[in-house]
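Single-structure report; data block below.
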Amino acid sequence: MTDDFHNQECLMELRQMEYLVTLADERHFTRAAQLMGVSQSGLSAGIRGLEQELGASLFTRTTRRVEPTDAALALLPHARAMLDQERAARDAVVHATRQVSGTLRIGTEQCLGVIDATALIDRFHRRHPQVEIQFRQAGSHELIDSLRADALDVAFVAAASHLGTLPHQVLGHEDLVLVCPGDHALADVAVASWEALAVEDHVDFDPTWGVRPLTDAAFEARGLMRRVRFQVSDVHTLLDFVDRGLGVAIVPRHVSNKPQAARLVTVALPHDAPRWEVSVVQSRKAGADSAAPHLLELVADEPACR
């Protein structure tokens, strides 16, 4: 009984550390709860329990944002270390008991937000060092074409309408938002209307990127035309163009939280705006000896994917 209780207590503490880290990263209870796969009340209760145990407030809460306190900032490095050690321990066991070899071809769109593909691939390599990894970064629609052509085994994409019957798992959703300079006319509005956006110059991604077809379809569905003056294939370039006042941009919310967007204003879109959806997709031609399932085992372990 004592050992069982101790194990449950350790699991609960690790879960609390996950709550702490996710909420500190997201600064928003609803988004953090969605990423953790728990209710908002469950996340709040977990944080309150940790605060009571520590005798310190960990977050200051406002109607729009959550900020970590000095106590939380002091705890965060230890919380991340605990989670890293727990994952490393499980990886060591897998490495010692399962030998996986072969080649794994992975593709991902840049800056998906709900998953850190680089960290995931690094962890997979540590678990299965005998697997030869081939990695490719491209737009989501181009990656889906590569999966169908058997040029990739697995891909992390932000596109739903073109997946068809490809085996896939949805990892998370995000709202789309507008980013614009602080002195822009739309910076002071609560919600940017489609009509107001249609007359602006836009900075947007290449059409193969997941967000571009979503945005194009939203305007077309309302019989509106917009001007995409600057077409890019890099998130930081997009934010730089907007920061210089050369146009506005519609992006997934996590992009608006990047340090490069610190001087920009984030404005909500209408309630009928499409949502950004990230999935992991497999090739239908992957054989029984494919290393892809071993990568997918780790996906559920990533805090941002829960």
With 20 Å bins from zero, work out the P(r) of the chain over every alpha carbon pair and list the percent per bin.
-> 29, 55, 16, 0
For residue 69, other-chain or 5+-apart residues with amide H closer than 5 Å (H placed, Pro excluded) are 59, 60
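Evaluate the relative contact order of the range 173-276 (contact order divided by residue number), counting alpha-carbon pairs under 8 angstrom at least 6 apart; express in whole percent. Please list the in-between numbers first.
Values: 185 pairs, mean separation 52.4, N = 104.
Relative contact order, the range 173-276: 50 percent.
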Under Karplus coefficients 6.51, -1.76 and 1.60, residue-wise ³J(HN,Hα) of the range 290-296 in Hz, glycine/proline x = 5, 7, 4, x, 6, 5, 5
For the range 203-306, rounded, prolate or oblate, judged on the Cα gyration tensor with a ≥ b ≥ c (square roots of eigenvalues), a/c < 1.5 rounded, else prolate if a/b > b/c?
-> prolate
For the range 143-188 and the range 258-272, what is the separation of their Cα centres, given in Å?
-> 18
Karplus 3J(HN,Hα) series, Hz, for the range 243-250 with 6.51 cos²θ - 1.76 cosθ + 1.60 (x for Gly, Pro) | 4, 7, x, 8, x, 9, 9, 9
³J(HN,Hα), Karplus 6.51/-1.76/1.60, whole Hz, each residue of the range 206-218, x for Gly, Pro | 4, x, 7, 6, x, 6, 4, x, 4, 5, 4, 5, 5
For the chain: relative contact order, % (alpha-carbon pairs under 8 angstrom, 6 or more apart) | 22
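Give me 57, 146 sorted ascending by neighbouring Cβ count inside 10 Å, so fewest comes first.
Result, fewest neighbours first: 57, 146.
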For the range 93-200, with equal point scatterers placed on the C-alpha atoms only and solvent neglected, what are the log10 I(q)/I(0) values from the Debye formula at q = 0.10, 0.17 1/Å, to two decimals?
-> -0.46, -0.91
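Can you tell me the order of 147-160, 36-49, 219-232 when each peptide is scored by its average per-residue count of other Cβ atoms within 10 angstrom, highest first? Mind dumping the intermediate values first?
On the way: 147-160: 21.4, 36-49: 15.7, 219-232: 13.4.
Highest mean packing first, the order is 147-160, 36-49, 219-232.
Just so you know, all these numbers are worked out from the coordinates, no wet-lab data involved. Note that this is a predicted model, so its numbers are computed, not measured. All Cβ positions, even for glycine, are placed from backbone atoms using ideal geometry, and neighbour counts span all protein chains on display.
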